1. Please go through region 80-93 and give me each residue that is open to solvent by 30 Å² or more (accessible area, probe 1.4 Å) and over 18 Å from TYR23 (Cα atoms), ordered by number.
2. Taking the criterion of being more than 25 Å from ASP37 (Cβ to Cβ) and open to solvent by 40 Å² or more (accessible area, probe 1.4 Å), would at least one residue in region 161-175 satisfy it?
3. Show me the helices (runs of 4 or more DSSP H) found entirely inside region 2-58 where at least 2 residues are at pLDDT 95 or above and more than 13 Å from the ligand (Cβ to nearest atom).
4. Which one of these does VAL80 not meet: (1) part of a loop (DSSP other than H, G, I, E, B); (2) within 21 Å of LYS6 (Cβ to Cβ)?
5. Pairs needed: first member in region 75-95, touching a residue at least 12 places away in the same chain (Cβ under 8 Å) and within 24 Å of ASP24 (Cβ to Cβ); second member anywhere, away from the ligand (no atom under 16 Å from the Cβ) and of a type in the set (Lys, Arg); C-beta distance under 6 Å; at least 6 residues apart or different chains.
6. So in region 177-208, with the set limited to residues that are on the phi < 0 side of the Ramachandran plot and out of contact with any helix residue (DSSP H, G or I) (no Cβ under 8 Å at 6 or more places or on another chain), which one is surrounded by the fewest Cβ atoms within 10 Å (Cβ to Cβ)?
7. Could you tell me whether LEU212 is aliphatic (A, V, I, L, M) and either within 12 Å of the ligand (Cβ to nearest atom) or surrounded by 16 or more Cβ atoms within 10 Å (Cβ to Cβ) (or both)?
8. Give region 136-154 a look and list any residue that's surrounded by 15 or more Cβ atoms within 10 Å (Cβ to Cβ) and of a type in the set (A, V, I, L, M), or say none.
Amino acid sequence: MKRTTKSIRAAKGGQQIVCVTAYDAVTARLATQADVDLILVGDSLGNVVLGFDTTVPVTLDMMVHHTAAVARVRPEALLVADIPFALAHDDFSALLKSCARLMQEAGADAVKIEGGVALAPKIARLTAAGIPVMGHIGLQPQQVLQLGGYRKFGKNSEAQRILDDARALEDAGVFAIVGEGMARECASEIRAKISVPLIGIGSGDDCDGQILVMHDILGLTENPPSFAKPFANLTRAAVDALSAYRDSVRARGKK
Ligand code: KIV
């Protein structure tokens, strides 16, 4: 059954919402066969697949290209695409065009935007214009160069500021919010105080669902974050398969 923003939103308080990233038709097919609820074409594309150190170099053209590959699989999961670095801070009509490209040209069902209180007025205009938006608060990887690295968010007094971000996004009409790298107590409080699902990543278990980078789940990343438990070791399986292929080809040359 095709998931919609309505069904994802309605899942709050019910079964946990299962979300993964995918970046191409192969990973989209895997996610579809595993019957996940939401596929994110994250701008983690940059560091997971394209070999960049951060998400900052990812452009809208790259996002459109990869989202379109995922959309061709026609996933039953809700297909969400990231607005990449800096574009959420464009003027409104430029931002609206970026969202429209991801939806019309690439086939996304919705977009995700990193940011809180400061971006809420623009997000409210997007949702009023018919663009379904997923929020992203706590650790925002697009800020990594400004932050000087990754760290935990929402400890002590910072928790109130992140709750304000969540409330502003809820008021702006987002259908769900990703909460990344937040202290567990902060995530738990936000989950209880907002009416839309809080999807956690590295924010503890007390969320309405979880999202992980698919390559971390499959054991395909070299240095996965400590919270991302691998559920397989496909690096080992792939290297074994390639080595067996190598041996079989070389054996053919032997008389
Ligand atoms: O870019 C991404 O993949 C993300 C998630 C992991 C939440 O934003």
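The values are calculated or read from the model by the stated rules, or taken from the named source; none is laboratory data. Since we're looking at a predicted model, the values are computed, not measured. Every residue, glycine among them, receives a Cβ derived from its backbone with ideal geometry; neighbour counts consider all protein chains shown. With ligands, DNA and RNA removed, areas are computed over all heavy atoms of the protein, side chains included. Shrake-Rupley method; radii C 1.70, N 1.55, O 1.52, S 1.80 Å.
1. ALA86, LEU87, HIS89, ASP90, ASP91, PHE92, SER93
2. For region 161-175, residues more than 25 Å from ASP37 (Cβ to Cβ) and open to solvent by 40 Å² or more (accessible area, probe 1.4 Å): present.
3. Those helices (runs of 4 or more DSSP H) span 5-10, 25-33.
4. The number of the failed condition is (1).
5. Listed pairs, sorted by first residue: GLU76/LYS2; ALA77/ARG3; LEU78/ARG3.
6. ALA192
7. Values: aliphatic (A, V, I, L, M): yes; either within 12 Å of the ligand (Cβ to nearest atom) or surrounded by 16 or more Cβ atoms within 10 Å (Cβ to Cβ) (or both): yes.
Here the answer is yes, as LEU212 does meet what is asked.
8. ILE137, LEU139, VAL144, listed by residue number.
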